[in-house]
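Right, I'll just put the structure down here and ask away after.
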């Protein structure tokens with residue numbers, strides 16, 4: 001990424017995380033913490049399964065939709081941020097300069113998109129809204145990433161980033177398919193919990209605001 005792009009990404013991400021900590025600090029309780037740890041572990045494993053999709057980019061599940069639906073957008077932001085930070089610092093996945101953009105795309109934008117879709121559909125239509133929110137969160141996050149890659153290429157004359165003619169088809173095309181997998185997994189977990197532990201979804205629906 002061009003320095004102008006990744007620095008801007010860090011600035012926006014830090015502002016978003018500051019708001020997240022402020023909001024989450026007023027809602028976090030002892031009932032939420034164990035669920036956050038369990039979700040973080042599961043999503044961490046899912047995100048580590050990367051595969052190349054062209055232009056030096058890779059694709060993987062995000063998990064932001066599931067975390068948002070179960071625990072609300074702010075808890076989801078914290079979970080995904082923690083996962084991305086561990087992947088970066090321990091496994092060298094993405095690099096420190098790209099971490100701000102990764103947090104922005106996957107830990108901030110994806111949960112907010114999920115939250116918006118869930119609110120638009122309403123609590124009583126969760127069976128429909130869950131797969132739509134999961135797919136949309138992945139697709140929007142990948143589209144923003146493609147725009148960042150294309151902008152980096154344009155700003156630096158090709159020294160950084162990827163041409164938009166390659167970045168957008170690669171990121172959006174493959175993630176449209178990845179989003180289907182994300183939707184299936186997320187919906188399956190939500191339907192399972194609705195059957196075996198409906199009180200958990202009722203409790204967490206207050207967190208999502210749906």
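If the requirement is being under 23 Å from residue 8 (Cα atoms) and free of Cβ contacts under 8 Å to residues at least 12 places away in the same chain, which of these qualifies: 164, 157?
That would be 157, the only listed residue that is under 23 Å from residue 8 (Cα atoms) and free of Cβ contacts under 8 Å to residues at least 12 places away in the same chain.
Which one is surrounded by the fewest Cβ atoms within 10 Å (Cβ to Cβ) among residues in the range 74-112 that are without any contact (Cβ under 8 Å) to a residue 12 or more places away in the chain and assigned to a helix (DSSP H, G or I)?
Applying the filter and picking the extreme gives 90.
Mind checking which residues of the range 151-172 are surrounded by 14 or more Cβ atoms within 10 Å (Cβ to Cβ) and either modelled with pLDDT under 90 or on the phi > 0 side of the Ramachandran plot (or both)?
Answer for the range 151-172, where residues must be surrounded by 14 or more Cβ atoms within 10 Å (Cβ to Cβ) and either modelled with pLDDT under 90 or on the phi > 0 side of the Ramachandran plot (or both): 161, 170, 171.
Check whether at least one residue in the range 170-177 is outside any helix (DSSP H, G or I) and closer than 25 Å to residue 13 by Cα, and report yes or no.
no
Then there's this: Please list, ordered by first then second residue, the pairs with beta carbon atoms under 8 Å, 6 or more apart or interchain, first in the range 20-34 and in a loop (DSSP other than H, G, I, E, B), second surrounded by 13 or more Cβ atoms within 10 Å (Cβ to Cβ) and at pLDDT below 70.
The qualifying pairs are 27/207; 31/203.
Then there is this: Here is a check on your reading of the model: is residue 91 within 30 Å of residue 166 (Cβ to Cβ) and at pLDDT below 90?
Against the criterion (within 30 Å of residue 166 (Cβ to Cβ) and at pLDDT below 90), residue 91 qualifies.
Going by the structure shown, is residue 115 crowded, with 20+ Cβ neighbours inside 10 Å, at pLDDT 90 or above, out of contact with any helix residue (DSSP H, G or I) (no Cβ under 6 Å at 6 or more places or on another chain) and part of a helix (DSSP H, G or I)?
Against the criterion (crowded, with 20+ Cβ neighbours inside 10 Å, at pLDDT 90 or above, out of contact with any helix residue (DSSP H, G or I) (no Cβ under 6 Å at 6 or more places or on another chain) and part of a helix (DSSP H, G or I)), residue 115 does not qualify.
Now for a different question. Could you tell me whether the range 41-60 includes any residue that is in contact with a helix residue (DSSP H, G or I) (Cβ under 6 Å, 6 or more places away or on another chain), at pLDDT 90 or above and surrounded by 19 or more Cβ atoms within 10 Å (Cβ to Cβ)?
No.
The values are calculated or read from the model by the stated rules, or taken from the named source; none is laboratory data. This is a predicted model, so every value here is computed, not measured. Here the Cβ is made from the backbone with ideal geometry for all residues, glycine too, and neighbour counts use every protein chain on show.
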